[in-house]
1. Say R0 is 41 Å: what FRET efficiency, to the nearest 0.05, do ASP243 and LYS47 get from their beta-carbon distance?
2. List residues of the range 106-147, by number, whose backbone nitrogen lies under 14 Å from a label position 7 Å along Cα→C-beta of LYS154.
3. Listed here are the pairs LYS154/LYS194; LYS110/LYS276; LYS170/LYS276; LYS194/LYS252; which of them are more than 22 Å apart at the Cα?
4. If you take the square roots of the eigenvalues of the alpha-carbon gyration tensor of the range 20-174 and sort them as a ≥ b ≥ c, do you get rounded (a/c under 1.5), prolate (a/b over b/c) or oblate?
5. Only four residue types carry charge here, +1 at the Cβ of Lys and Arg and -1 at the Cβ of Asp and Glu. Report the dipole size of the range 75-172 about the Cα centre in Debye, rounded to the nearest 20.
6. Counting pairs of alpha carbon atoms under 8 Å apart in space and at least six apart in sequence, what relative contact order in percent does the chain give?
7. Please compute the modelled spin-label separation between GLU87 and ASP100, points set 7 Å along Cα→Cβ, answer in nm with one decimal.
8. Give the residue list of trypsin sites (Lys or Arg not before Pro) in the range 198-285 that are DSSP loop and have at most 12 other beta-carbon atoms within 10 angstrom.
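We did not get these values from a lab; they are worked out from the coordinates using the rules stated. All figures in this text were calculated on a predicted structure; none of them were measured in a lab. Positions of Cβ are backbone-derived with ideal geometry, glycine not excepted, and every protein chain shown enters the neighbour counts.
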Amino acid sequence: MSSPSNERVSDDDEYDSTEDIVEVDYAKIDQDNREIDQSFRIHEVFKCVLGGNYLAPLGRDIKRCLELGYSSGILMMELASEFKNCEFHGLDKRSSAPNDIYPHNCHFEKGDFYTGIKFPDEYFDYVYLRCTMVLIQEDKYNFLLGELNRVLKKGGWIEFTELDFEFRPKGPTCKSLEGILYDTLRKDNTNAQKVRQLGSILTENGFINVKERTYDIPLGEHGGEIGINMASFWRNLAQTYKDNIISKVDAKSQQELDEFIEKGIKEFDEHHSFNKAYNFVAQKA
Ligand SMILES: C[S@@+](CC[C@H](N)C(=O)[O-])C[C@H]1O[C@@H](n2cnc3c(N)ncnc32)[C@H](O)[C@@H]1O
């Protein structure tokens, strides 16, 4: 495995065009729109951070790709527009991709990937996940990596881009929010910190040429456009987990919950907080 590289994302002029960012009242939107907004925010952030939609050294002649957990489908649609002669398949148990209009080479399929990936052996040139492995149950890791290895062609590429939920550094409200999120996920047998070890887990599962990159993603206005999108991502995610938050902190009404969340967002700028993100690229032997 090559040594990890770390890149700090700065708030220089390139990331400073904040006027186009739309603010949303996350308490008022339904789950589909919540997921679409989260997916679009994270898409913009990672595209800036990685300098594109992928880092795997993909040839122009790839024929079939697979995304697990495509959510809004935005990444798949952009890749399908770039690689017009490649068929993109996606598997998600809860699609919020468009129903009618999308590139002809996108195939949004619904299903639970814990029951297996229903494609033949050595079928895909490239398989990728973004912000999905971090939500995978701990005891399903090896099964899923085994399935991804099975459906990849020899020499094919696998790529993960994942967000680490820890706030670094953090104020007291963010500490509480982070703890609630980790506890909630742990009840579902998800260890969100396991993505930090994905490099060595890929090696243990037989993948080769593993390359790990880490990034510091600023949160809040001090981080320009990226930071503002990340603050909205966290506002949205906090509303998704609102029942868990309300039961743990002194916020009984929606208004008190909103105040709690905004206090956390303010701490982002007070502490110049960031989240780490990871990109792993590896190859099937
Ligand atoms: C955080 S979202 C992914 C965001 C998306 N990849 C992006 O970059 O915009 C995680 C997705 O994984 C899907 N998912 C989680 N567990 C799943 C499972 N067992 N089978 C299929 N999809 C699953 C969820 O429905 C959700 O759409």
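1. Plugging the Cβ-Cβ distance into 1/(1 + (r/R0)^6) gives 0.80.
2. Only 122-123 fall inside the zone, counting backbone N under 14 Å.
3. Where the Cα-Cα span goes over 22 Å, the pairs concerned are LYS154/LYS194; LYS110/LYS276; LYS194/LYS252.
4. Prolate is the answer for the range 20-174, as a/c is 1.5 or above and a/b outweighs b/c.
5. That gives the range 75-172 a dipole magnitude of about 80 debye.
6. RCO, the chain: 26 percent.
7. 2.5
8. LYS252
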